[in-house]
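Taking it in order: structure first as structure tokens, then the write-up.
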Amino acid sequence: MTTPTPRVGLAASADHIYATGLRNQWHPVVPSDFVAPGAMRKVTALGEQWLLFRRPDGALSMLADRCPHRGAPLSLGKHLGDRVACWYHGVEIETDGTVSSVPGLPGCNLEGKKLVTSLPVREIGGAILAYFGDEKHPDPAELTLPEPLTDPDVDAILCYAEWNGPWRFAVENLLDPMHGAFLHHESHTMYDGDTTAKFRIRETERGYFFEKTDQRGVNFDWVELCRTGVDWVDLTIPYPPSAGPGGPFGIVGMVCPVDENRTGVFFWRYRRVQGWQRDTWRFLYKTLIEERHWQVLEQDRVMLEAMPADADQRENLYQHDLGVVRLRRMYRAEAEAQASAS
């Protein structure tokens, strides 16, 4: 008889959940190529330590980085193909978290029990997603992936970076289109358009749009927050004909709450291109556009990393911040609900 697999975030306070990421949903973790076939990698997500383990055939698993025997990190252990052996005493753990062998005491009552948390994982668009459920919600939430990452007529290129700052600041930055006309004014795409605007929130079945009411298709003029089992945003930036085929330049954005003070940011840059146009888009991106995009991201990084940790506690907001206020209230309410239910 096996014991239930422990879950993440047990008895966490609302403040802890708000600081380290909402539970009972999917989050991106790291790019897929961070874990080669036959390799394993230690990662931090939602303030906890994990082990990404890839078998030689490419199958991926995600385990708590903690041996059930004495708590040693499994990431220091040995990859045995379909299981990991703890370096401390050789205890072997299968990819579903089951103890398969205790070499020092064969037949030990640990064998055959699921004693290590194993998270459901998916890979899409070159990124690893994992479901972080609490004890009452161990089964993964329904996941609908962003359309630009699943549409065969869309070509998406992933950019990943890790920033020093709360995950909420990175999401709020995406729900703040007006910063494009100021912070990114010297960029290659967001130099045009008015520096004054009015905004509105427009509800959708999966989240909401935050958009300018008096300008469209000129700058960073709208963003949609989508909650489809994983939280992501969609937005477009107009591109000149010199940027090649494909029309407007789209961005799908996600964040990983690494811990209270670090964030993994995932940006898929996409365009609707097929055939030779796809080849042209990829060539232009790699040879010309990518470096410019990293310059824009660097502007965001510098600003967000310079923000004090209590920046969202000492503010004077105005109409342009409606999207951010809505986001905060929603996330805070969910954190409190998850804490009270734990």
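Computed over protein heavy atoms with a 1.4 Å probe, the carbon and sulfur contribution to the accessible area of segment 163-279 reaches 50%. Within the chain, the longest run free of exposed loop sites, counting chymotrypsin sites (Phe, Trp or Tyr not before Pro) that sit outside DSSP helix and strand states (H, G, I, E, B) and have at most 11 other Cβ atoms within 10 Å, spans 1-181. Of the residues Val154, Phe182, Asn109, the one whose Cα sits farthest toward the positive end of the charge dipole of segment 100-186, with +1 on the Cβ of Lys and Arg and -1 on the Cβ of Asp and Glu, is Asn109. For the chain, a simple Cβ point-charge model (Lys and Arg +1, Asp and Glu -1, everything else neutral) yields a dipole of about 580 debye relative to the Cα centre. Largest mean-square fluctuation among Asp321, Asp231, Asp153, in a Gaussian network model of the chain whose springs join Cα atoms under 10 Å apart, belongs to Asp153. Estimated at 0.36 nm per residue, the fully extended path between Trp294 and Ala141 surpasses their Cα-Cα distance by 51.8 nm.
Relative contact order for segment 233-342: what is it in percent, counting Cα pairs under 8 Å that are at least 6 residues apart?
Values: 75 pairs, mean separation 18.3, N = 110.
After rounding, I find 17 percent.
When you restrict to C-alpha pairs under 8 Å that are six or more residues apart and normalise by the size of the chain, the relative contact order lands at 20 percent. The distance from the alpha carbon centre of segment 200-270 to that of segment 272-302 is 16 Å, rounded to a whole number.
For n ≥ 4 DSSP H runs only, could you compute -39500 (n - 2.57) per run for the chain, divide by its residues and tell me the 222 nm figure to the nearest 500? Write out the running numbers ahead of the final one.
Details: 6 runs with 66 residues, N = 342.
The helix contribution divided over the chain gives -6000 deg cm²/dmol.
So if I place +1 on the C-beta of Lys and Arg and -1 on the C-beta of Asp and Glu, and nothing else carries charge, what would the dipole magnitude of segment 180-332 be about its Cα centre? I want it in debye, nearest 20.
Values: 21 positive and 23 negative charges, 104 e Å.
For segment 180-332, the charge dipole is close to 500 debye.
For a 4.7 Å threshold on C-beta separation, the list of partnerless cysteines in the chain reads Cys108, Cys159, Cys226, Cys256. Each residue of segment 236-242 is assigned a 3J(HN,Hα), and the resulting list reads 10, 10, x, 10, x, x, 5 Hz, derived from the Karplus form 6.51 cos²θ - 1.76 cosθ + 1.60 (θ = phi - 60°), x at Gly and Pro.
For the chain, with every protein chain kept in place, what is the accessible area per residue (1.4 Å probe, Å²)? Present the calculation step by step, with values, prior to reporting the outcome.
Details: 15770 Å² over 342 residues.
Here the residues of the chain average 46 Å² of exposed surface.
About its Cα centre, segment 277-342 has a charge dipole of approximately 260 debye under the convention of +1 per Lys or Arg Cβ and -1 per Asp or Glu Cβ, with nothing else charged.
Which of the three applies to segment 211-312, rounded, prolate or oblate, going by the alpha-carbon gyration tensor with a ≥ b ≥ c and a/c under 1.5 meaning rounded? Prolate, because a/c is 1.5 or more and a/b exceeds b/c. In a fully extended conformation the segment linking Thr150 and Asp96 would gain 16.7 nm over its present Cα-Cα distance, using 0.36 nm per residue.
The values are calculated or read from the model by the stated rules, or taken from the named source; none is laboratory data. Source: prediction; values computed, not measured. Positions of Cβ are generated from backbone atoms using ideal geometry, with glycine treated the same way; all protein chains shown enter the neighbour counts. When the accessible area is computed, the model is the full protein with side chains, heavy atoms only, and any ligands, DNA or RNA have been set aside. Shrake-Rupley method; radii C 1.70, N 1.55, O 1.52, S 1.80 Å.
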